[in-house]
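Since every read-out is calculated from the coordinates, none of them should be taken as a lab result. Remember, it's a predicted structure, so these values are computed and weren't measured experimentally. Because the Cβ atoms are built from the backbone with ideal geometry, glycine has one as well, and the counts that use them run over all protein chains shown.
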Ligand SMILES: NC(=O)c1ccc[n+]([C@@H]2O[C@H](COP(=O)([O-])OP(=O)(O)OC[C@H]3O[C@@H](n4cnc5c(N)ncnc54)[C@H](OP(=O)(O)O)[C@@H]3O)[C@@H](O)[C@H]2O)c1
């Protein structure tokens, strides 16, 4: 839109149907989305949000009963979902999941690497190496395996999107969370490397880094008098987040609305990393 001097003001003309018609959509109708770690917590919420946006959802984790219950709930709610039990740290399970998706559904458009664990809140010198390895195995190697095996299916058709669920502790260190922080820093590095490697294949790779969210994983700290207050004092918004507050960021990165976005991390953390 030009002003009286013919300068471009950058304003959108009201009623400009051509522009309004190209407003990007967060809908995922006709797409297949695979969410790992979907038996509870954030993954469960993300699976429901993706199904609500029209995607056919594949949910995986180790607890098959919880997955089947979730798939049924999504179906009752009018969506489409399939339970595929397995561990992200088992390459055989990951391979089986990807080949089943390919054989049965014929496509994969979105992978959400959400499965994660944080079993230790321990000073670094006291963390047994077995526990260190287990955390890296699930949080980092699990995402590497799922992305690697899914890449071929994701690269077919018009290309796909990977959203890795990271954490504020990828960039903001926290005492007693050495392995967890290292795994998430690694996951964000992997996000950027895959983004540049797979851009020519039409696969976008991004991450969402939540702050403290109300799930089972964070319950030990949230319910602890000292640590709960310490965390709340650090969060500018002075509250913990809810799972539904992470889903919109994941939906955005998974959708065509983010078509020119790859290798990025969105922090959804009540302001934690703004400090
Ligand atoms: N809650 C937070 O404050 C917070 C903050 C930042 C980031 N995150 C990240 O968000 C993600 C989800 O965490 P959450 O808070 O929802 O935790 P959660 O409630 O403990 O759920 C973790 C999920 O991961 C699954 N999982 C664990 N190990 C697995 C494996 N080997 N293979 C497949 N699935 C596995 C669990 O299912 P099964 O036990 O059935 O396998 C469960 O569905 C994690 O990556 C976490 O690091 C959480």
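State, to one decimal in nm², a quarter of the convex hull surface area for the C-alpha atoms of the range 25-268, i.e. the direction-averaged projected area.
Values: hull surface 50.7 nm².
Mean projected area of the Cα convex hull: 12.7 nm².
On full extension, the segment bounded by residue 223 and residue 239 gains 4.5 nm, given 0.36 nm per residue less the C-alpha separation.
Working note: 222 nm ellipticity from helices only, DSSP H runs with n ≥ 4, each -39,500 (n - 2.57), summed and divided by the residues of the chain, gives -11500 deg cm²/dmol to the nearest 500. Placing dummy labels 7 Å off each Cα toward the beta-carbon, the span from residue 75 to residue 25 is 2.6 nm. Using the Cβ-Cβ distance between residue 189 and residue 274 with R0 set to 22 Å, the FRET efficiency works out to roughly 0.50.
On full extension of the chain, what length is gained from residue 175 through residue 122, given 0.36 nm per residue of separation minus the C-alpha to C-alpha distance?
The residue 175-residue 122 span can extend by a further 18.3 nm.
The reciprocal of the average 1/r between distinct C-alpha atoms defines the Kirkwood hydrodynamic radius, which for the range 121-227 equals 15.1 Å. Using a cutoff of 8 angstrom between alpha carbon atoms and counting only pairs six or more residues apart, the relative contact order for the chain works out to 18 percent.
Each DSSP beta bridge with both residues in the chain is either parallel or antiparallel, and the antiparallel ones are about 5%. Most tightly packed first, judged by the mean number of other beta-carbon atoms within 10 Å of their residues, the peptides 134-143, 161-170 read 161-170, 134-143.
Counting every other Cβ atom within 10 Å of each residue's Cβ, 110, 171, 250 order from fewest to most as 171, 110, 250. If the segment from residue 216 to residue 133 were pulled out straight at 0.36 nm per residue, it would be longer than the present Cα-Cα gap by 27.7 nm.
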